[in-house]
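Student: Right, I'll just put the structure down here and ask away after.
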Amino acid sequence: MIRPRRNRRTPAIRSMVRETILSPADFILPMFLHEDAVDTPIESMPGVTRWSLKSLVREAGEAHALGIPAVVLFPKIEESLKTPSAAECHNPSGLVPRAIEALKKAHPTLCVITDVALDPYNADGHDGIVRRDAGGGLTILNDETVEVLCQQALCHARAGADIVAPSDMMDGRVGAIREVLDEEGFTQVSIMSYTAKYASALYGPFRGALDSAPKEGDKKTYQMDPANAVEALRETLLDEAEGADVLMVKPASYYLDVIAKMQENTTLPVAAYQVSGEYLMIKAAASGGWLDEKAVVLESLVSIKRAGASMILTYFARQAAEWLKKA
Ligand code: PBG
């Protein structure tokens, strides 16, 4: 008689039949940085810090030493540098290019990923260039935005980024970035595309961290409707055709079905982003003593991997890597 419980009887047997093994090599650590020389705890994301350049390099090195292969950078740009054209995003001596150079110099084996989108760089908080319509509404100008994103991606590649990650959700930006990178000789720089990025309420704490919330309107005209999953496959086909190297689903935990569908329908690696709101829900419950933080974090991460993501962007990366080392 078949008895499934026999395979659960002891830790040794469970470890032999385990289908999904979480490892620090699965994690990508999102890191916030700013121009200040002091580090600032981020009020909207308890336990997360906005680093000075110097601390960023140290912290990234420590994460890398724990087996985390990659970091992704999110800059807080000074208000005075924000303009409607977001030109600071491709300033070769801007904060991000300097951070890339410093990170690659100190840690040559660390994979440096950069976010490609305009929201930290324009005062509107939108991922693209905003036009005010006669009726007072806002339009995000797709093609004009793509041109700026290409310059931003090129600027990051020139500074030494290994992977650029467009998170803006404009149509055609992966193909356009690929073309510009190749033309300029950066054929080896990869594109991790935010393929299925949903218009989620879970990004709130992140926008607080960068002071990048939209001043007006929302992102529903370019980010995906949480009700749609087949549309994620249409986005998958487009990103594949345009030359993406890695596809991403974001957020992660509420979208495990999308991760699974995407992974079944592509031969490219699938990444998932456990976003700020997912982080915060666990943190808040744990700080109230209502949930066991370690157990819930590891369960959330193994679930994302089991669903089909082979790379996980998570604010818990460092802590989880330490827990896994001790396990
Ligand atoms: C914006 C961007 C966002 C996040 C990553 N890149 C916010 C947004 O789309 O409004 C969210 C990450 C998080 O919530 O942790 N380009």
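Student: Residues that are away from the ligand (no atom under 16 Å from the Cβ) and within 30 Å of GLU216 (Cα to Cα): does the stretch 108-128 have at least one?
Tutor: Looking for residues that are away from the ligand (no atom under 16 Å from the Cβ) and within 30 Å of GLU216 (Cα to Cα), one finds none in the stretch 108-128, hence no.
Student: OK, next. List every residue pair whose Cβ atoms lie under 6 Å apart, where the two residues are 6 or more positions apart in sequence or sit on different chains, the first residue falls within the stretch 108-134 and is closer than 16 Å to GLU147 by Cβ and among the acidic types (Asp, Glu), and the second residue, located anywhere, is within 14 Å of the ligand (Cβ to nearest atom) and assigned to a loop (DSSP other than H, G, I, E, B).
Tutor: ASP127/ALA117; ASP127/LEU118; ASP127/ASP119; ASP127/ASP168
Student: ARG131 - would you say it is of a type in the set (D, E, K, R), under 20 Å from GLY160 (Cα atoms) and away from the ligand (no atom under 16 Å from the Cβ)?
Tutor: no
Student: Inspect all residues belonging to the stretch 121-132 and state whether any of them is more than 17 Å from ARG207 (Cβ to Cβ), open to solvent by 60 Å² or more (accessible area, probe 1.4 Å) and assigned to a strand (DSSP E or B).
Tutor: Yes.
Student: Residues that are under 26 Å from ALA213 (Cα atoms), among the polar types (S, T, N, Q) and more than 12 Å from the ligand (Cβ to nearest atom): does the stretch 87-101 have at least one?
Tutor: Scanning the stretch 87-101, I find at least one residue that is under 26 Å from ALA213 (Cα atoms), among the polar types (S, T, N, Q) and more than 12 Å from the ligand (Cβ to nearest atom), so the answer is yes.
Student: Sticking with this one: Does GLU278 count as at negative phi, touching a residue at least 40 places away in the same chain (Cβ under 8 Å) and within 14 Å of the ligand (Cβ to nearest atom)?
Tutor: Against the criterion (at negative phi, touching a residue at least 40 places away in the same chain (Cβ under 8 Å) and within 14 Å of the ligand (Cβ to nearest atom)), GLU278 qualifies.
Student: Let me ask something else. Just to be sure, is VAL296 more than 16 Å from the ligand (Cβ to nearest atom), under 19 Å from the mean Cα position of the chain (by Cα), surrounded by fewer than 22 Cβ atoms within 10 Å (Cβ to Cβ) and more than 19 Å from SER44 (Cα to Cα)?
Tutor: Criteria not met by VAL296.
Student: Please indicate, with yes or no, whether at least one residue in the stretch 197-214 is within 16 Å of the ligand (Cβ to nearest atom), within 26 Å of SER276 (Cβ to Cβ), open to solvent by 10 Å² or more (accessible area, probe 1.4 Å) and free of Cβ contacts under 8 Å to residues at least 40 places away in the same chain.
Tutor: Within the stretch 197-214, one or more residues are within 16 Å of the ligand (Cβ to nearest atom), within 26 Å of SER276 (Cβ to Cβ), open to solvent by 10 Å² or more (accessible area, probe 1.4 Å) and free of Cβ contacts under 8 Å to residues at least 40 places away in the same chain.
Student: Now for a separate question. One residue is enough: does the stretch 5-18 have a residue meeting the conditions under 20 Å from TYR279 (Cα atoms) and part of a loop (DSSP other than H, G, I, E, B)?
Tutor: Looking through the stretch 5-18, none of the residues is under 20 Å from TYR279 (Cα atoms) and part of a loop (DSSP other than H, G, I, E, B).
Student: Then there is this: For the stretch 215-231, enumerate the residues that are near the ligand (Cβ under 10 Å from one of its atoms) and open to solvent by less than 40 Å² (accessible area, probe 1.4 Å).
Tutor: The answer is LYS219, TYR222, GLN223.
Student: Here's another thing I want to ask about it. Just checking, does the stretch 138-151 include any residue being assigned to a helix (DSSP H, G or I), within 12 Å of PRO84 (Cα to Cα), open to solvent by less than 10 Å² (accessible area, probe 1.4 Å) and at pLDDT 95 or above?
Tutor: Yes: the stretch 138-151 contains one or more residues that are assigned to a helix (DSSP H, G or I), within 12 Å of PRO84 (Cα to Cα), open to solvent by less than 10 Å² (accessible area, probe 1.4 Å) and at pLDDT 95 or above.
For every residue, the table says whether it meets (1) of a type in the set (Lys, Arg); (2) crowded, with 18+ Cβ neighbours inside 10 Å; (3) outside any strand (DSSP E or B).
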position	(1), (2), (3)
SER44	no, no, yes
ARG50	yes, yes, no
GLY67	no, no, yes
LEU73	no, yes, no
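Student: Name every residue in the stretch 299-327 that is over 19 Å from GLN263 (Cβ atoms), open to solvent by 40 Å² or more (accessible area, probe 1.4 Å) and in contact with a strand residue (DSSP E or B) (Cβ under 8 Å, 6 or more places away or on another chain), in order of residue number.
Tutor: Result: ARG318, single match.
Student: Among the residues of the stretch 171-196, count how many are part of a helix (DSSP H, G or I) and open to solvent by 40 Å² or more (accessible area, probe 1.4 Å).
Tutor: Summing the residues that are part of a helix (DSSP H, G or I) and open to solvent by 40 Å² or more (accessible area, probe 1.4 Å) in the stretch 171-196 gives 3.
The values are calculated or read from the model by the stated rules, or taken from the named source; none is laboratory data. The model shown is predicted, which means the values in this text are computed figures rather than measured ones. Neighbour counts are summed over all protein chains in view; Cβ atoms, including those assigned to glycine, are modelled from backbone coordinates with ideal geometry. Areas reflect the complete protein model, heavy atoms only, side chains present, ligands, DNA and RNA absent. Shrake-Rupley method; radii C 1.70, N 1.55, O 1.52, S 1.80 Å.
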